[in-house]
Amino acid sequence: MERRFKLPAALFLLAVFHAAIIFAGFFAPYDFAAQDRELPFTPPTPIHFVDQHGNLHARPFIYGLSADPASPSLYKTDPTKEYPLYFLVPGAPYRIAGLFAVRVHFFGVHEPGRILLLGADAYGRDQLSRFLYGGQISLLAGLLAAALSVSLGVVVGALSGFYGGWIDEVLMRGGDLFLALPWLYLLFAVRAALPLHISQRQVFLMLVVVMGLIGWARPARLIRGVALSARERNFVLAARGFGASNGYLLRRHVLPQAYGVVLTQITLLIPQYILAEVTLTFLGIGVGEPMPSWGSLLSSLQQYYVLASYWWMFLPALLLIPLFLSFYVAADAVQERLKSIPL
Amino acid sequence: MNLRYISRRIVHSILLLAGISFFSFALSQLAPGDFFDEMRLNPRISAATVEGLRVQYGLDRSLAVRYAHWVRSALRGDLGFSLAYNGPVGPLLKARARNTLILTGTATLLAWSLAIPLGVWGAASRSRWSNQICGLATSALLTIPDLLLFLFLLLVAVRTGWFPTGGMISPGAENAGLWHGIADLALHLFLPSLGLALVTLPVLTRHIRSAMADALNSPFVRAARGHGIPRTRLLFRYAFPVAVNPLTSLLGFSVATMLSASLLAEVILSWPGLGPLLLEATLAKDIYVVVGTVMLSAVFLVAGNLLADVLLFATDPRIRVE
């Protein structure tokens, strides 16, 4: 792809993902907990334009499903039942921003038809809806943890680089401790220290705080480097000569130079933290049911029969690839732009 | 002079490990709740019994006393007492650590032996398209979550049946002779080590390619090219030794990524290493096993960095002069 289209394309994809996840209630056809125990592990619903008699329909439609009593794991499409696909249909109630109760969904079919674009899980819950709602947990965890890590890194790095001396020594040796442990082991160690049976909200907050606290060392080092070089710049020395206080110098001259590092570090850390949350939840020590997270969507794949028989259970994980790709491309582009701007 | 550099590094590593031990120990001890929490919920076990058990296992003592106890036990090689396994932690970790080392060692070898030719070729190839394909492939690998990669490998094992879906040796293979045993181990090792190698490959390839590109741009390589030195010799005899320098530190850093990825790979692909043990211990609040495993991972990482430093010392004369 042309280089100059890379960043806009990545930003566009990121905007789409974030909008779909923020307004999950609107874009998801069902509630994340709505079950259909009659039809577990429904494969993704194919959308048809041509019916069985060969007539072309202007409005796409789906066929109804019926369980086969002889083999419970196989479904027969029922060509006599057609459910046309509508946009902006009324469905299960949800709330926008926790305030307005709304029933309108972006797309859907009329009951009793069910449209499951990514298939259904063991309880017959729509995987697409669960993916969108799950993003509210996983994406938010990634964003918050990255913000926490980088802000800690900015504070520690700026203090360390700007003041130097024993402050620098103590802070950076502390950072060495965090860098000297493989992050997943460290995450486990901290997780083991926290109680197992707490409410989902507490688990979420705890995950964010733990991930955020663990990752501060690397951004801190980079920002320390920026602060170290900024401290010796002539204009900073001049400002100091004019009687500028340390606080003013940090705020006005040192931190603005760290802007690029902060931006790239945040963009790089978000996908890492999303993956960390997904990994922990996948392993059963993160956010638990019934709240969906991207990790719990995938955790059913730990059972061999699910893994071997229901390929669509992989789809949520595949959707993560374009998301991560956009984050990496954005980080790359930011880094390259900053390189071309002389400070 | 030489010895001073290395001994300083060793002292630094030991101090670092001591710091980590206290940090991880304090962390696990400050936590609310302990191993006997589940028992407290059981109406058939009296509160006095639980209290008695806590006193027996020393959970009621102060942090400093317990840490001193733990250090003594660690120096003996016991690394504390596992409440779930009812025995010292050290022997428990030994077999697991060996398995993890077998896996990560194989994966590291595999990753580097793939990454070096790929990176060198990527830096040396003039034609833009082959270079771009190489770059695209590594970027694609970078964006695939390692979780997905391991699950996919497990799917391959389950669907094809060519590879075992877990474990390290087939039942009965222990006494089937040396060669058969090695073949069996290799078969079990294949998928997990391939997965780990693929996870670390993109970062390695990128670094090798950029280090090689820097080396190829330097004036002495241009001069050598002007003298008509053949391409292969130029790449591997002239440019590569220069590019090796930043890569040696990369070897140390990559141990951390490798260990974290290995934890997940071991759990998903049922490799009997430290990963599954740590997960179990975390869920059971078996603190000494958790602390022991974390300590061990730190030892591996510090050892890897130390090894990289010594290698750097051996390969780069500039450090020796300093």
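Are any of the residues in segment B:148-156 out of contact with any Leu (no Cβ under 8 Å at 6 or more places or on another chain), modelled with pLDDT of 80 or more and not acidic (Asp, Glu)? Scanning segment B:148-156, I find at least one residue that is out of contact with any Leu (no Cβ under 8 Å at 6 or more places or on another chain), modelled with pLDDT of 80 or more and not acidic (Asp, Glu), so the answer is yes. I'd like to know if segment A:170-191 contains one or more residues that are at pLDDT 85 or above, surrounded by 19 or more Cβ atoms within 10 Å (Cβ to Cβ), of a type outside the set (Gly, Ala, Ser) and over 28 Å from B:THR257 (Cβ atoms). Within segment A:170-191, none of the residues are at pLDDT 85 or above, surrounded by 19 or more Cβ atoms within 10 Å (Cβ to Cβ), of a type outside the set (Gly, Ala, Ser) and over 28 Å from B:THR257 (Cβ atoms). Against the list (1) within 29 Å of B:SER249 (Cα to Cα); (2) surrounded by fewer than 20 Cβ atoms within 10 Å (Cβ to Cβ), the condition B:GLY275 fails is (2).
Yes/no per residue for (1) closer than 30 Å to A:ILE137 by Cα; (2) surrounded by fewer than 13 Cβ atoms within 10 Å (Cβ to Cβ); (3) assigned by TED's automatic domain parsing to the domain that holds A:MET313:
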| position | (1), (2), (3) |
| --- | --- |
| A:GLY54 | no, yes, no |
| A:ALA58 | no, yes, no |
| A:TYR94 | yes, no, no |
| A:ARG103 | yes, yes, no |
| A:PHE107 | yes, no, no |
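Could you pull out the residue among B:LEU83, B:LEU15, B:LEU27 that is modelled with pLDDT under 80 and within 12 Å of another protein chain (Cβ to nearest Cβ)? Walk me through how you get there before you give the answer.
On the way: B:LEU83 fails: within 12 Å of another protein chain (Cβ to nearest Cβ); B:LEU15 fails: modelled with pLDDT under 80.
Answer to the check: B:LEU27.
Considering only residues that are touching a residue at least 60 places away in the same chain (Cβ under 8 Å) and farther than 13 Å from A:PHE12 by Cα, look in segment A:320-331 and name the one that is farthest from the other protein chains (Cβ to nearest Cβ). Within segment A:320-331, the match that is farthest from the other protein chains (Cβ to nearest Cβ) is A:ALA331. Segment A:220-331 holds helices (runs of 4 or more DSSP H) entirely within its bounds, and those carrying 3 or more residues that are surrounded by fewer than 18 Cβ atoms within 10 Å (Cβ to Cβ) and of a type in the set (A, V, I, L, M) map to A:234-241. Check segment A:222-245 and report whether any residue there is under 26 Å from the mean Cα position of the chain (by Cα) and over 25 Å from A:SER138 (Cα atoms). Yes; the residues of segment A:222-245 include at least one that is under 26 Å from the mean Cα position of the chain (by Cα) and over 25 Å from A:SER138 (Cα atoms). Applying the criterion of at least 3 residues that are modelled with pLDDT under 80 to the strands (runs of 3 or more DSSP E) found wholly in segment A:1-100 leaves A:75-84. Scanning segment B:43-77 for residues being outside any helix (DSSP H, G or I) and within 33 Å of the chain's Cα centre (by Cα) gives a total of 4. For segment B:125-156, the tally of residues that are out of contact with any helix residue (DSSP H, G or I) (no Cβ under 6 Å at 6 or more places or on another chain), aromatic (Phe, Trp, Tyr) and either surrounded by 14 or more Cβ atoms within 10 Å (Cβ to Cβ) or within 11 Å of chain A (Cβ to nearest Cβ) (or both) stands at 1. In the set (1) within 24 Å of B:PHE23 (Cα to Cα); (2) under 23 Å from the mean Cα position of the chain (by Cα), the condition left unmet by B:ARG98 is number (1). Scanning segment A:101-148 for residues that are outside any loop (DSSP other than H, G, I, E, B), more than 18 Å from the chain's Cα centre (by Cα) and not small (Gly, Ala, Ser) turns up A:VAL102, A:ARG103, A:VAL104, A:HIS105, A:PHE106, A:PHE107, A:ASP126. Only one of the listed residues (A:LEU139, A:LEU196, A:LEU148, A:LEU205) is modelled with pLDDT under 85 and under 27 Å from B:SER260 (Cα atoms). That residue is A:LEU196. Considering the conditions (1) closer than 29 Å to A:SER326 by Cβ; (2) part of a helix (DSSP H, G or I); (3) not hydroxyl-bearing (Ser, Thr, Tyr), A:LEU177 is excluded by exactly one of them, (1). Applying the condition of being more than 16 Å from B:PHE152 (Cβ to Cβ) and either touching a His at 6+ places or on another chain (Cβ under 8 Å) or among the aliphatic types (A, V, I, L, M) (or both) to segment A:266-284 and asking which residue is nearest to the other protein chains (Cβ to nearest Cβ) yields A:LEU283. Looking for something closer than 30 Å to B:GLY19 by Cα and at pLDDT below 85 - is there at least one such residue anywhere in segment B:258-270? No: zero hits.
Across segment A:161-200, the qualifying residues are those that are facing another protein chain (nearest Cβ under 7 Å) and among the small types (Gly, Ala, Ser), and the one among them that is nearest to B:ALA256 (Cα to Cα) is A:ALA180. Among all residues of segment A:285-308, there is at least one that is facing chain B (nearest Cβ under 8 Å), at pLDDT below 85 and closer than 30 Å to A:GLY153 by Cβ. When the helices (runs of 4 or more DSSP H) confined to segment B:205-322 are screened for residues that are within 14 Å of chain A (Cβ to nearest Cβ), those reaching at least 2 such residues are found at B:240-268, B:274-284, B:287-315.
Scoring A:PRO195 on the criteria (1) part of a helix (DSSP H, G or I); (2) touching a Gly at 6+ places or on another chain (Cβ under 7 Å) leaves a single failure, condition (1).
The values are calculated or read from the model by the stated rules, or taken from the named source; none is laboratory data. No experiment lies behind these values; they were computed from the predicted model shown. Using ideal geometry, Cβ is built from the backbone for each residue, glycine included, and neighbour counts are taken over all protein chains shown.
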